[in-house]
Structure formats: C-alpha cells, structure tokens
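First comes the structure, then the notes that go with it.
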Amino acid sequence: MAYEQILYEVADNIATITLNRPEKLNAFTAVMMDEMIDAFDKADADDNVRAIIVTGAGRAFCAGADLSAGTFASTRADRPQRRSAIGADGTVDWSNEAIRDGGGRLTLRIFDCLKPVIAAVNGAAVGVGVTMQLAMDVRLASENARFGFVFARRGIVPEACSSWFLPKIVGISQALEWTFTGRVFPAEEALAGGLVKRIYQPDQLIPAARSLAREIADNTSQVSVALIRQMLWRMAGADHPMEAHKVDSRGVFARSPSADAREGVASFLEKRPAKFPDKVSKDMPAYFPWWQERKYS
C-alpha cells in the first residue's frame, strides 16, 4: 500500500509511524485508519522490527476526527458504506459491520500487535488523537502536548474502545472526570493522572522514545516480548487469576527448552550481551494464540 496520510520508516530495528497531515493538524480520516492498520500489519510481519513509535508531523499529534464535512453523521456523503446498516424504514442493524467506529478498528489492531508500541505525543491529541494512544504500551509526551477526551462537548460518546482501555490505565474516577468534562488539559495533568509516563522538551521527545525502543531491541527476546505484550493486555480483562496462571504456565513450559532461553542463561552466566535467535514469524509456541477471536455482532 502506498501511503498518503502517514509516513512509515524502519531504522535500527525501530519502525516509526508518523501521522502526516500537518496542515490539518493530522486530523484522523478513514484513509489514515486504513494506512495505520496496514503499517501495523507490516511491522508485525517484519522480524527486523523490534518496536514501533507513533508520532505526528508538525505541531500536533492528532487533533481528532476530520470534521471538514461539518458533522459526525453516519449518512454523510463520504461514508456511503455506513448507510448500508440503515434499512429502508430507518431501522438500524446494530450488528452490521458498517457501523463500527474507525478508531475502534485501529485500536483493536494495535491491541493485537506483537511489538511494543510507544506513543511520542508531540502536540495536541484530542478525541481519537488521544483514544488511539490508549492501546499503545507507553505514552511519552512533549511539554507542548495537550490532551482532551472532548466527546461530551461534541454531543457524542468516547470511541476507539476507550471505555475499556482508559479506566484500566488511569482508574475509573480519573477516566470519568476527563470524559465527563471533556476539557483539554496539559501534559503535566496527563502525567499526574497516569496517562503519560514522562514529559520531555520538544527536541528530546523522539530521542527519548528511540532510547526506550533501543533498550527493548538490544536486550530482549522478540518472542518473549510478543508473548508478554499479549499476556498482560489480555489478562487485564480476565475474570480470575487462574486464567493468568494457565497462560503463565504454558509460556514457561513452552519457552524453557527454547534456543532463546538457552542463550538467555548462557549470556547471563558468561556476562555478555545476549543474541536471541528465535523469531516471531516462526518460533511462537504451539499454544499461541490461546484466546478465541471476538467478532463484532
């Protein structure tokens, strides 16, 4: 796929996805959604990619959905496929795939990702610009970053699966305050509320994100990281710790005799950097994936 609204670059085992509509403050569109999903597919399929950074071009990360049409309406002329969910009598088929929100399609793809994902929030992140980040693993922010769950101020509700992600990240009380008020708040408040990990001067943001990605790439097994990412995210919704015990046990049993585990122990005993040979493309354990895929219905 040739990209029109994002940039995709791989350097030193790190993929960088840059939202690239700076003249529109990187406002989110269906084209951008498709391109981002394709970029995550590409990164997952590339064993050379050990981590992913997502950032924005220009002075914004993403200023939310593109509202140039003046409405969110599902019957907009630029959304003909969504009208298929509405019958001739006006009845809506709520299980129709056509009504799925674009931010949710994106965050579900990020949720399934096998590589660590770092958000480098360089500027305004409002609406889907902030909710898309919730499926990412670590959020780093520039001093210039601003955040806003503005949906109630636009007469709609949060999207991008944020009602699942946000309370898990910041707690229910903080999630409700931000979504009830819909106000835009600075990076300092995002840090205090647990939404971002650290704040950096603007020129230090990308170097900091790359440094974190580099630490992962240089020191860890890519298969272990892929498993850990899915274990922690999926166990966040488990109904009993026994579910975690099952997955942990299978992981330890499967990985203990692996070439990676032998190299991990040998490098530790020999006091040298590890060179893990296993690859996500061919060495994931037989029990993976252990979950049943969820369908929209």
Go through (1) closer than 30 Å to residue 125 by Cα; (2) free of Cβ contacts under 8 Å to residues at least 40 places away in the same chain and name the single condition residue 265 misses.
(1)
Conditions (1) modelled with pLDDT of 95 or more; (2) part of a loop (DSSP other than H, G, I, E, B) -> residue 89 fails only (1)
Does residue 177 qualify as being charged (D, E, K, R), assigned to a helix (DSSP H, G or I), free of Cβ contacts under 8 Å to residues at least 40 places away in the same chain and under 17 Å from residue 116 (Cα atoms)?
no
Considering only residues that are assigned to a loop (DSSP other than H, G, I, E, B), among the aliphatic types (A, V, I, L, M) and within 13 Å of residue 56 (Cα to Cα), which ones fall in region 1-34?
25, 27
Looking at region 95-103, is at least one residue within 26 Å of residue 216 (Cα to Cα) and out of contact with any Phe, Trp or Tyr (no Cβ under 7 Å at 6 or more places or on another chain)?
no
Per the list (1) in contact with a helix residue (DSSP H, G or I) (Cβ under 6 Å, 6 or more places away or on another chain); (2) more than 30 Å from residue 250 (Cβ to Cβ), residue check on residue 174 breaks on (1)
Checklist (1) without any contact (Cβ under 8 Å) to a residue 40 or more places away in the chain; (2) in contact with a Ser or Thr (Cβ under 8 Å, 6 or more places away or on another chain); (3) surrounded by fewer than 17 Cβ atoms within 10 Å (Cβ to Cβ) applied to residue 7, failing item
(1)
Tell me, please, whether a residue that is at pLDDT 95 or above and polar (S, T, N, Q) can be found in region 56-75.
no
Going residue by residue through region 147-169, is there one that turns out to be in contact with a helix residue (DSSP H, G or I) (Cβ under 7 Å, 6 or more places away or on another chain), at pLDDT 95 or above, of a type in the set (Asp, Glu) and on the phi < 0 side of the Ramachandran plot?
yes
Inside region 155-178, can you point out the residues that are closer than 25 Å to residue 296 by Cβ, open to solvent by less than 30 Å² (accessible area, probe 1.4 Å) and either more than 16 Å from the chain's Cα centre (by Cα) or not aliphatic (A, V, I, L, M) (or both)?
162, 165, 175
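The values are calculated or read from the model by the stated rules, or taken from the named source; none is laboratory data. Computed from a prediction, not measured in an experiment: that's the story for all the values here. Glycine also receives a Cβ, built like all others from the backbone with ideal geometry; neighbour counts cover every protein chain displayed. These area figures cover heavy atoms from the full protein model, side chains too; ligands, DNA and RNA do not enter into them. Shrake-Rupley method; radii C 1.70, N 1.55, O 1.52, S 1.80 Å.
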